[in-house]
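Presented below is the structure to which this report refers.
Derivation of every value follows stated rules applied to the coordinates shown; laboratory data play no part. In this text, all values refer to a predicted model and were calculated from it rather than measured experimentally. Note that each Cβ is placed from the backbone with ideal geometry, even for glycine, and that neighbours are counted across all protein chains shown.
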Amino acid sequence: MLEAITPRVAWAFIFVSGALEIAFAAAMQASQGFTRPLPAALAFASGGLSVYLMSLTLATIPLGTAYAVWAGVGAVGTAALGIWWLGEAASPARLLCIALVVAGIVGLQLLEN
């Protein structure tokens, strides 16, 4: 386990763990209720690694900020994946809401530096 990480590394870990949340969601959907072994295994692996990497940041970044950014990156990425890959609706109102989450993520990161 890392003893201390710099703020820059902590932020990188949060964004990587957010990307792993996107992989987790995609694998979970592909697993069809965890009935397909490979996607199910990928879901467990990416979800576990995501939580582990995010936990490493908590000695450097406050819990509320870290969790909000982590969840926001995962939510925005998963929504974008649904729009581009699965053909989900991309209405102006939905895109505006996604943009507001992105603005919140950017704002939280700027306030922590």
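The residues of segment 63-77 that are of a type in the set (V, I, T) and surrounded by 19 or more Cβ atoms within 10 Å (Cβ to Cβ), listed by number, are V69, V73, V76. The condition (being closer than 18 Å to I5 by Cβ and among the polar types (S, T, N, Q)) is satisfied by just one residue among T65, T78, T35: T65. From the list L53, L86, the lone residue that is of a type in the set (A, V, I, L, M, F, W, C) and under 29 Å from I5 (Cβ atoms) is L53.
Reported count of residues in segment 19-44, each being more than 10 Å from T78 (Cα to Cα) and crowded, with 18+ Cβ neighbours inside 10 Å, is 6. Reported count of residues in segment 61-111, each being touching a helix residue (DSSP H, G or I) at 6+ places or on another chain (Cβ under 7 Å) and hydroxyl-bearing (S, T, Y), is 2.
Cβ separations smaller than 8 Å between residues 6+ apart or across chains give the following pairs from segment 13-31 residues that are among the β-branched types (V, I, T) to residues that are crowded, with 21+ Cβ neighbours inside 10 Å and not in a helix (DSSP H, G or I): I14/I61. Restricting attention to segment 53-62 and to residues that are touching a residue at least 24 places away in the same chain (Cβ under 8 Å) and either surrounded by fewer than 20 Cβ atoms within 10 Å (Cβ to Cβ) or in contact with a strand residue (DSSP E or B) (Cβ under 6 Å, 6 or more places away or on another chain) (or both), the residue that is nearest to R8 (Cα to Cα) turns out to be T60. When A103, A89 are screened for being free of Cβ contacts under 8 Å to residues at least 12 places away in the same chain, surrounded by fewer than 13 Cβ atoms within 10 Å (Cβ to Cβ), not polar (S, T, N, Q) and not in a helix (DSSP H, G or I), only A89 passes.
Of everything listed in (1) without any contact (Cβ under 8 Å) to a residue 12 or more places away in the chain; (2) not in a loop (DSSP other than H, G, I, E, B), the single unmet condition for F34 is (2). Residue-level check: of (1) in contact (Cβ under 8 Å) with a residue 60 or more places away in the chain; (2) surrounded by 15 or more Cβ atoms within 10 Å (Cβ to Cβ), G47 misses just (1).
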